[in-house]
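J.: Sharing a structure, written as structure tokens. Questions coming.
Derivation of every value follows stated rules applied to the coordinates shown; laboratory data play no part. Computed from a predicted model, the values in this text were never measured in an experiment. Here Cβ is always computed from backbone atoms with ideal geometry, including for glycine, and neighbour counts include all displayed protein chains.
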Amino acid sequence: MAENFNVRLNEAKYYTPEASCREQSWIGDYNRAYQAFLADPDGFWDSAARELEWFQPWDQVREWEYPHARWFVNAKLNITYNCLDRHAHSQRRNKVALMWRGETEDEERILTYRQLLQEVCRFANGLSRLGVRKGDRVCIYMPVVPEQIVAMLACARIGAIHTVVFGGFGVSALNQRIRGTAAKVVITADFTYRRGKAIPLKNIVEEAVVKAPSVERIVILRRDAEKPVEIHPEMEVDYHDLMNGVGRECPPEPMDAEDPLFILYTSGTTGSPKGIVHACGGYMVGTYYTTKHIFDVKDSDIYWCTADPGWITGHSYGVYGPLLNGATCLITETTPDYPTPATNWDLIEEYGVTIFYTAPTAIRMFMRVGEEWPNRYNLSSLRILGSVGEPLNPEAFEWFYQTIGKGRCPIVDTWWQTETGMQMLTTTIGEPMRPGFVGKPIPGVVADVVDKTGKPVPPGTGGLLVIKEPWPSMMRTIWNDDERYCKYWDTIPGCYTAADLAVKDEDGYIMVIGRSDDLIVVAGHNIGTAEVESALVSHEAVAEAAVIGKPDALKGNTIKAFVILRDGRQPGDKLKNDLTYHVRLTLGPIAIPSEIEFVRSLPKTRSGKIMRRVLKAQELGMDPGDISTLEE
Ligand code: WTA
């Protein structure tokens, strides 16, 4: 772990945005803001929370019983009241909240705050009609359409816990999430549209609920009016029918600050994916504060976060954070390289996007196809660029900064996780930016790079990224598995371990190098090695499987699988295709291995754990490191 990173440190350089960026920003001077936080951490979060509306104030800002925290103790709130009513009852009443674009120009919908509030209330009343109550789990498996966001907010309105499943996941992943949360209702659509093709979602849901006895009803948004899919009334109900005759008002359920708001699954290192639980009050304050101060959202902004709400970025910065700030948000069902690689630039020009938040994998794809695509469009509306999900390598930073931002727009490369709920590290607006480095902990966060004993490492030496103090939007537990939650806090005593390797420079800027565990980030999506392996092993020809991530210029990583066949099965291209197809059906297209190699044995520890890092080292021609636990 104590690898030396001096070469990269020496090469790095800084870009300093114009002074006006900082002067006009909410955050202002970073050092001053950070010192103010350190001087009074509780007071800092107290004043952030006071900008929002609560039904009952807190007795105490935080209560820390390591490793469990409670924030805004005994306060009552409803996040949708702050996302919607607060604006609908103000000057922002007729301000646009959501602008949705489908794959073609004529597919557009626009909702003001007043309209969005009504839609949410009507759907919330519909859900209540189905018997959904506070604390019930509702699974949302939908394309990026306004109804997806309406469904999330409607759950929150009545205190139901939503669990959004990305529409690219297949049957088994969906089934696992429905069973894991014992969801009562599943909300889906007939189709999602991608690259001009209609991809059926309802069929996947039908298969996924077969072994999920908790499900009582399935709500289906029928988008294809010409050939409406059939509704089986014993179980299924049409999205719009559900709202027939319901009122346009629905009082917000008063939620305790610690009540769960949602569960979002993220892939784990071993075993099943983890259901990360976020709580109403702290999550609200954390996403509100960061959206305002990291993106510097103002009333005149047109804000676009390209992430699907199926991921945490979509939850925090596609839905809750911007709506809490009364922003005008663009959401799209588009694919960045369809019909041309100019789709995003076209949309930025057309909607006048000012804040653009995307992922390094997309930026690298745009780089590959060349700057002639963005150069055809007027991107002068842009004022702030953001990146998240993987390290933004210096080449991609420069390209984003020069070609898209024309050297004018600060880039906030934000480091955070599903577990953290909100952005944790970045270079705040107006501060000098160092390509390849995310920057420093934001005001509100205490973080460092440490060795295995928890001691801070000197500049240039690799270590583990840790968070040293609780923060409002930290996950509260892992659904049905608090023990697993506690593990995050006991690898390094007293610290939350992010499982990322990082290195600091002389100025305290942090570079995130990658995961220290077994997650593979493919095109910005987290794929657990365990999930892909278990999908492979579920094929009748496979005895054992191990998968690793291989660095890839475009996707960040690709998946390579090593497969041991059952006796009597012959390796061959036909079988490779079968296995690929099998993974596609079980986990979805994002988890497909790009290489499959048939092997006779796998490196394992004495206790039988596959040593993926040995496979990886072999594959990449690197030193495998400590192999003392390797089986003979
Ligand atoms: C990685 C996404 C480098 C990291 C919000 C983290 C990053 C994991 C960055 C969490 C960044 C996220 N630079 N790496 N700016 N942002 N990561 O849960 O490995 O989908 O632990 O949350 O993505 O992924 P998750």
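J.: Write out the cysteines belonging to the chain for which the nearest other cysteine Cβ is not under 4.7 Å, or none if no such cysteine exists.
T.: Flagged as lacking a Cys partner: C21, C83, C139, C155, C280, C305, C329, C409, C486, C495.
J.: Further, regarding this structure: Sort all Cα-Cα distances of the chain into consecutive 20 angstrom bins from zero, then give the percent of pairs in each bin up to the one containing the longest distance.
T.: Percent of Cα pairs in each bin: 19, 56, 24, 1.
J.: Can you give me the Kirkwood hydrodynamic radius for region 192-324, using every pair of distinct Cα atoms, in Å to one decimal? Each step should come with its number before you reach the end.
T.: Details: mean 1/r = 0.0542 Å⁻¹.
Across region 192-324, the inverse of the average 1/r is 18.5 Å.
J.: I would also like to ask the following. With the contact rule set at Cα under 8 Å and sequence spacing of 6 or more, what percent relative contact order holds for region 523-620? Show your work: numbers first, answer last.
T.: Numbers: 141 pairs, mean separation 27.5, N = 98.
Value for region 523-620: 28 percent.
J.: A further question on this structure: Rounded to whole Å and sorted largest first, list the principal axis extents of the Cα atoms in region 237-296.
T.: Principal extents (largest minus smallest coordinate, Cα): 46, 36, 25 Å.
J.: If you add up the charges near K440, with Lys and Arg at +1 and Asp and Glu at -1, over every other residue whose beta carbon is less than 14 angstrom from its beta carbon, what do you get? Could you put the intermediate results ahead of the total?
T.: Values: positive: R32, R434, K468, K504; negative: D29, D413, E431, D448, D505, E506, D507.
Summing Lys/Arg as +1 and Asp/Glu as -1 gives -3.
J.: Still on this model: Pull out the extension gain between Q60 and D238, defined as 0.36 nm times the separation in residues minus the alpha carbon to alpha carbon distance; nm, one decimal.
T.: Here the answer is 59.6 nm.
J.: Using helices alone, what [θ] at 222 nm do you get for the chain, with -39,500 (n - 2.57) per DSSP H run of 4 or more residues, divided over all residues and rounded to the nearest 500?
T.: Value at 222 nm, helices only, nearest 500: -8000 deg cm²/dmol.
J.: Still on this structure: Calculate the radius of gyration of the Cα atoms of region 445-569 to one decimal place, then report Dmax, the largest Cα-Cα distance, as a whole number, both in Å.
T.: Cα only, region 445-569: 18.0, 60 Å (Rg, Dmax).
J.: Once the other residues with Cβ under 13 Å from the Cβ of E483 are scored (Lys, Arg +1; Asp, Glu -1), what is the net sum?
T.: 0
J.: Over region 111-253, what is the percentage of antiparallel beta bridges among all DSSP beta bridges, to the nearest 5?
T.: 20
J.: Run through every distinct alpha carbon pair of region 523-620 and return the Kirkwood hydrodynamic radius in angstroms, one decimal place.
T.: On the way: mean 1/r = 0.0733 Å⁻¹.
Averaging 1/r across every pair of different Cα atoms and inverting gives 13.6 Å.
J.: Debye sum, Cα scatterers, region 77-204, no solvent: what log₁₀ I/I(0) at q = 0.10, 0.20 1/Å?
T.: Normalising to I(0) and taking log10 leaves -0.35, -1.17.
J.: Could you check how many percent of all C-alpha pairs in region 321-378 are farther apart than 20 Å?
T.: For region 321-378, the fraction of Cα-Cα distances above 20 Å is 26 percent.
J.: Before anything else, pin down the relative contact order of the chain: Cα pairs under 8 Å, at least 6 apart, normalised by residue count, whole percent.
T.: The normalised contact order for the chain reaches 14 percent.
J.: With 10 angstrom as the radius, rank S387, S172, S381 by how many other C-beta atoms surround their C-beta, starting from the fewest.
T.: Ordered by Cβ neighbours within 10 Å, fewest first: S381, S172, S387.
J.: Where in region 533-556 does the label zone of D567 land, with the point 7 angstrom along Cα→C-beta and an amide N cut-off under 17 Å?
T.: 541-544
J.: Can I ask one more? Viscosity 0.692 mPa s, temperature 37 °C: give me the Stokes-Einstein translational D for region 403-512 in µm²/s, with Rh taken as the Kirkwood radius over C-alpha pairs.
T.: 222
J.: Can you work out the FRET efficiency for the pair E105 and E206, with r the C-beta to C-beta distance and R0 = 30 Å, to the nearest 0.05?
T.: My answer for the efficiency is 0.35.
J.: Considering Cα pairs under 8 angstrom that are at least six residues apart, work out the relative contact order of region 99-220 and quote it in whole percent.
T.: Values: 194 pairs, mean separation 30.1, N = 122.
Relative contact order for region 99-220 comes out at 25 percent.
J.: If I model a spin label as a point 7 Å beyond the Cα along the Cα-Cβ vector, how far apart are those points for N31 and D623 in nm?
T.: Going by the 7 Å Cα→Cβ label model, 3.9 nm.
J.: Here's another thing I want to ask about it. Cα-Cα pairs above 17 Å in region 46-89: how many percent?
T.: Tail of the P(r) past 17 Å holds 38 percent of the pairs.
J.: Expressed in whole Å with the largest first, what are the equivalent ellipsoid semi-axes of region 311-456 derived from the C-alpha gyration tensor as the square root of 5 times each eigenvalue?
T.: 27, 18, 14
J.: May I ask what percent, to the nearest 5, of DSSP beta bridges between residues of region 523-620 are antiparallel?
T.: Bridges in region 523-620 that DSSP calls antiparallel: roughly 75 percent.
J.: Among DSSP bridges having both ends in the chain, what percentage is antiparallel? Round to the nearest 5.
T.: Close to 60 percent.
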